[in-house]
Amino acid sequence: MKAVIPAAGLGTRFLPATKAQPKEMLPVFNKPTIQYVVEEAVASGIDDILIITGKGKRSIEDHFDRSFELEYFLKSCGKDEDLKEIKSISEIDADIYYVRQKKQKGLGDAILCAEKHIDGDPFAVLLGDTITQSDVPCTKQLMDVFGKYQSSTIAIEQVSEGKIERYGIIKGSEITDSVYKIDDMVEKPNIDEAPSNLAITGRYVLVPEIFDYLEKVQPGVGGEIQLTDAMRSMMRSDEGRFHDVYGYLFNGRIYDIGNTVEWLKSSIEIALKDENVKDELTEYLKELLKQRI
Ligand code: UTP
């Protein structure tokens, strides 16, 4: 299965940090966000990754390319561990391709840019600004559910009332452990119109028929071409069972890096798992909280 990573958005929720650098390159602890995303795809067994980029996103390509000067410098000063780490990024176990989205018309439009590369097979979508943490990679969990139902499967998570207006929200019923059959979905609803508290969270395995619906869908919330709207019209068409969409209540942690508080939480939680910094950081956080309480 191939993966598509949309990373062309403007990142307006994170200005001014994203004025001159891609949101997908913001570091989470010690790595850029998109490196976690690519690593998740590779850990899920995917070896063909298409990143949707756009204006001002060149640093994403540079990050996954070789840097001969840096490698030479690290080698000459005997920094072998750093050298190994730097080389492992450009030698990652997958072919990475790029296509540019010319105008930021929304997530649905970004995915449409992948149609030619995907070439008629089911594919995974991993949002370039969303990180997941779990024992079994989130995309692998979705691929397993897809394997069982042979229909589009998307990751969902329970969100608090305050967060409902930020996400696509599903209406559906649980048919077996953590798997929901989706009846409807709505992008960024008002709290009183939300059909549930189950949010669509940035990981999808989609059937290629989705492209037909993305081509037809009209701009929705925010004037953008919304993937949620295309999935909704695909579900409502009466052209066979492949157009069902399932939700999988993901077993793990998801961070939307485009949101400043979530970004901070992700860095802290991931740093707290690192042997080299966890003790110092824990002490610092304890002290800080003591002063604040
Ligand atoms: P978001 O809606 O969170 O991204 O899209 P955004 O538009 O950059 O963010 P804000 O709301 O202005 O802060 C989720 C993912 O889809 C990509 C983004 O780069 C992000 O990784 N995206 C979004 C595109 O590739 N193209 C678009 O036109 C919109």
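The numbers here are math on the coordinates, done by the rules we state, and not lab data. From a predicted model like this one, the values you see are computed outputs, not experimental measurements. Note: ideal-geometry Cβ built from the backbone for every residue, glycine included; neighbour counts use all protein chains shown.
Below is a table of values for the structure above.
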item	result
Amide H partners (placed H, <5 Å) of Gly168, local residues excluded	Lys188, Ile200
Neighbour-limited loop hits for chymotrypsin sites (Phe, Trp or Tyr not before Pro), the stretch 7-97 (at most 16 other Cβ within 10 Å; DSSP other than H, G, I, E, B)	Phe29
For Val4, distant residues with modelled amide H under 5 Å away	Leu50, Ala124, Val125, Leu126
Cross-link reach list, aspartates and glutamates versus Lys216, counting only Cα pairs under 18 Å and skipping chain neighbours closer than eight places	Asp109, Glu115, Glu187, Glu224, Asp229, Asp238, Glu239
Nitroxide proxy distance, nm - points 7 Å out along Cα→Cβ at Glu61 and Arg166	3.2
Low-density loop cleavage sites - GluC sites (Glu not before Pro) in the stretch 11-82, where at most 12 other Cβ are within 10 Å (DSSP)	none
Volume in Å³ per residue [convex hull over Cα atoms, computed for the stretch 54-129]	120
Other-chain or far-sequence residues with amide H under 5 Å of Gly106's (modelled H)	Ile225
Segment Lys79-Phe29, extension gain: residue separation times 0.36 nm, minus the distance between their alpha carbons	15.9 nm
Kirkwood Rh and Cα Rg combined as Rg/Rh, the stretch 216-280	1.22
Taking the stretch 105-232 and dividing mean pair separation by its residue count, relative contact order in percent (alpha carbons under 8 Å, at least six apart)	36
Cα principal axis extents for the chain, largest first, Å	64, 51, 36
Loop trypsin sites (Lys or Arg not before Pro), the stretch 248-280, which have at most 10 other Cβ atoms in a 10 Å radius of their Cβ (DSSP)	Lys273
The stretch 10-73 and the stretch 186-261: distance between their alpha carbon centers, rounded to Å	24
Of Lys75/Lys273; Lys31/Lys188; Lys19/Lys55; Lys23/Lys55; Lys23/Lys171, pairs whose Cα-Cα distance is over 23 Å	Lys75/Lys273; Lys31/Lys188; Lys23/Lys171
Packing rank of 149-156, 280-287, where each peptide gets the mean count of other beta carbons within 10 Å, highest leading	149-156, 280-287
Size of electric dipole in the chain: Cβ of Lys, Arg +1 and of Asp, Glu -1, about Cα centre, debye, nearest 20	820
Estimated inter-spin distance, Lys140 and Leu249, nm [label 7 Å along Cα→Cβ]	2.3
Where labels lie 7 Å past Cα in the beta-carbon direction, separation of Lys290 and Asp238 in nm	6.9
